[in-house]
Amino acid sequence: MKKGILLHEVADDVGVAVMNLKTGEQIAVVTLEGQPVKEIKLVSDVPLGHKVAMRDLALDQPVIEYGRAIGATRAVITAGEHVHVHNIKSLRWAASNVNLLEK
């Protein structure tokens with residue numbers, strides 16, 4: 001099985017695709033140290049460097065990467081789905097991280 005998703009922290013909601021990933025592929029998820037975490041089936045194509053949902057995420061839920069909130073969902077996201085600007089809102093440029101997590 002291909003090792004194609006890298007997790008910064010084991011509990012993160014999203015991992016990073018280390019290659020172009022295709023819908024239907026079963027991909028191994030590993031930590032930065034190369035430790036296996038899980039396997040996940042892709043439900044959408046995910047380009048190299050983009051995020052992949054590790055679990056189902058509800059609407060308006062904080063999205064955790066690096067062990068902290070990086071944004072909030074703008075739609076329901078399914079495990080194995082491509083996560084990007086079309087379905088999350090970033091906290092990167094927010095004056096207050098709390099404001100973007102509110103409706």
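Assorted remarks:
- Evaluation of residue 64 against (1) within 19 Å of residue 23 (Cα to Cα); (2) modelled with pLDDT of 95 or more (one fails), failing number: (1)
- Of the residues making up the range 15-30, those that are touching a residue at least 24 places away in the same chain (Cβ under 8 Å) and either under 14 Å from residue 43 (Cα atoms) or of a type in the set (Lys, Arg) (or both) are 17, 20, 21, 26, 27.
- For the range 11-19, the criterion of being under 15 Å from residue 90 (Cα atoms) and of a type outside the set (S, T, N, Q) is satisfied by at least one residue.
- Taking first residues from the range 40-51 that are within 16 Å of residue 87 (Cβ to Cβ) and partners that are part of a loop (DSSP other than H, G, I, E, B) and of a type in the set (Lys, Arg), the Cβ contacts under 7 Å between residues at least 6 apart in sequence or on separate chains come to 42/22; 45/22.
- Count of the range 7-35 residues which are under 14 Å from the mean Cα position of the chain (by Cα) and among the hydroxyl-bearing types (Ser, Thr, Tyr): 1
- Test result for residue 23, farther than 15 Å from residue 81 by Cα, hydroxyl-bearing (Ser, Thr, Tyr) and surrounded by 13 or more Cβ atoms within 10 Å (Cβ to Cβ): no
Let's see how each residue does on (1) open to solvent by 80 Å² or more (accessible area, probe 1.4 Å); (2) charged (D, E, K, R); (3) touching a strand residue (DSSP E or B) at 6+ places or on another chain (Cβ under 7 Å):
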position: 18; (1), (2), (3): no, no, yes
position: 37; (1), (2), (3): no, no, yes
position: 52; (1), (2), (3): no, no, yes
position: 59; (1), (2), (3): yes, no, yes
position: 70; (1), (2), (3): no, no, yes
position: 74; (1), (2), (3): yes, yes, yes
position: 80; (1), (2), (3): no, no, yes
position: 85; (1), (2), (3): yes, no, no
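- In the set (1) touching a residue at least 40 places away in the same chain (Cβ under 8 Å); (2) loosely packed, with under 13 Cβ neighbours inside 10 Å, residue 63 fails one condition alone, (2).
Let's see how each residue does on (1) modelled with pLDDT of 95 or more; (2) polar (S, T, N, Q):
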| site | (1), (2) |
| --- | --- |
| 36 | yes, no |
| 40 | yes, no |
| 47 | yes, no |
| 60 | no, no |
| 73 | yes, yes |
| 103 | no, no |
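The values are calculated or read from the model by the stated rules, or taken from the named source; none is laboratory data. Nothing here was measured: the structure is a model prediction, and the numbers come from that model. All Cβ positions, even for glycine, are placed from backbone atoms using ideal geometry, and neighbour counts span all protein chains on display. In case anyone asks, the SASA skips ligands and DNA or RNA and just uses the protein heavy atoms, side chains included. Shrake-Rupley method; radii C 1.70, N 1.55, O 1.52, S 1.80 Å.
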